[in-house]
Amino acid sequence: MEPNLDPAAVGLIIRSQRASKALSIFISSNSSACTVNLRNRVISMWTDSTRSLCKPVIVLVLAFAATVKLSHSLYRYKLLRRSRTHSGTMSFTSPPSENDNESPRRSRILSSKLYFDVPSSKVPLIYSSTYDIAFLGIEKLHPFDSAKWGRICGFLFMDNVVDKNSIVGPKEASKNDLLVVHSEAYLNSLKKSADVAMIIEVPPVALFPNCLVQQKVLSPFRNQVGGTILAAKLAMDRGWAINVGGGFHHCCGGKGGGFCAYADISLCIHFAFVRLNISRVMIIDLDAHQGNGHETDFANDSRVYILDMYNPGIYPFDYEARRYIDQRIEVASGTTTAEYLRRLDEALEVAAHNFDPELIVYNAGTDILDGDPLGRLKISPNGITNRDEKVFRFSRERNIPIVMLTSGGYMKSSARVIADSITNLSNKSLIDTGKNTTST
Ligand SMILES: [Zn+2]
């Protein structure tokens, strides 16, 4: 089998062979000269028999010194090569390192239009009608309520929790924004309707022209991504922000899945690192499913602490990503409200002890609801309200800005449950929707 030879290694071998040859000539010529000099100096002290031993000894010493010198040269070359390979300037086989990605990533973030000034009269509740998916009725083939986001806001307006004109509409994430985390190859794969169909788990979508898929499915997702990214800025300004959408926690930079086409959580955090000048973020992921997307993206990144409370008996069974969870709380199928909330209390106490974040990203999926066919947990609507209140209190008591994302929650009842929970947060003064005085 032909070995896969690195050209740099081939060069080294040739240079080493040439060096050895030159060295042996050098040793042999210089050893003769040395021998003559030394012979003159020791001739009066040494007998003929001693002199006959002198030459091979000196040759040995010089050969030893030359070997040491050659070893040092090889060692220095190895070090140089390793450092060049590490910085990516001379690598033929290694992928670009983290540092190589940082510079273009930073300039993309700095040139983004997703962060913009929001008037103080607005409430940091983010939503746009562009979030909702309507695809010629095809969306009904998925158990997902694809108009959930609009229905949540509808309940909030109807219940007079927030004024329709007070909420914030985000901008759609551009390709330049998405490249902050995603690879070009992954974004290109979304130009194939069949690939999108696999990610969102609606096979008939594979039959539609990609321009339609972009417009009806991916564009709503990109608007929600814009909302998640903006939410971090608003949370730092106001102490909290809720994106009534987002939370696509199964998608990482190079791969989508589980109805998640873009890695909005990873994008939000990278934007926050650069634009908000922070370096410690805690993800509290309480969706029923394991958040393997952000876990993969922030594997071994000490700036991000991940608390993930999930059912290990359902999708995505990503055992590799589980290794990157800092605090893993596994809740088995059938877990009920009291047990769930007790374990959440314990988990938050441990998290507070372990990490001191400057921002919390709370992935508040409601697929833990009793009756959800995908989450398989048995948490009551009141349990959801209590859960969200606990996480917001955790943030408020420590004065840590919090971003909430609605994430999974696939039943028609989810929108009502989420709206009720946001109403409760407002009633408990954990968020200020500008309506507290009239709603209580
Ligand atoms: Zn989920």
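None of the figures in this text is laboratory data; all of them are computed from the coordinates on show. Bear in mind that the values here come from a model prediction, so they are computed numbers and not experimental data. Counting neighbours? That spans all protein chains shown, and the Cβs are built from the backbone with ideal geometry, glycine included.
Here is how the numbers come out for the structure above:
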read-out	value
For peptides 261-274, 289-302, 341-354, sequence by mean Cβ density within 10 Å, most packed first	261-274, 289-302, 341-354
Sequence of Met411, Met158, Met404, Met198 once ranked by neighbouring C-beta atoms within 10 Å, starting from the fewest	Met158, Met198, Met411, Met404
Ala299 versus Asp117: modelled label distance in nm, points set 7 Å from Cα along the beta carbon direction	4.3
Potential extension, Asn399-Asp237 segment - 0.36 nm per residue separation minus Cα distance	57.1 nm
Cα-derived Rg over Rh, computed across the stretch 163-238 with Rh taken as Kirkwood radius	1.06
Highest average packing first - 217-224, 310-317, 253-260, Cβ atoms within 10 Å	217-224, 253-260, 310-317
Gyration tensor verdict on the stretch 99-439 (Cα atoms; rounded if a/c is under 1.5, prolate if a/b is larger than b/c, oblate otherwise)	rounded
Nearby aspartates and glutamates by direct alpha-carbon distance to Lys122 (threshold 16 angstrom, same-chain neighbours under 8 apart not counted)	Asp163, Asp237, Asp432
Estimated FRET transfer efficiency (Glu346, Lys428; beta-carbon r; R0 25 Å; 0.05)	0.70
Which of Ile109, Ile418 has the fewest Cβ neighbours within 10 Å, and the rest in rising order	Ile109, Ile418
Long pairs among Lys191/Lys255; Lys113/Lys233; Lys378/Lys412; Lys233/Lys390, criterion Cα-Cα beyond 18 Å	Lys233/Lys390
Ascending count of other beta-carbon atoms within 10 Å, so fewest first, for Asp145, Asp237, Asp287	Asp237, Asp145, Asp287
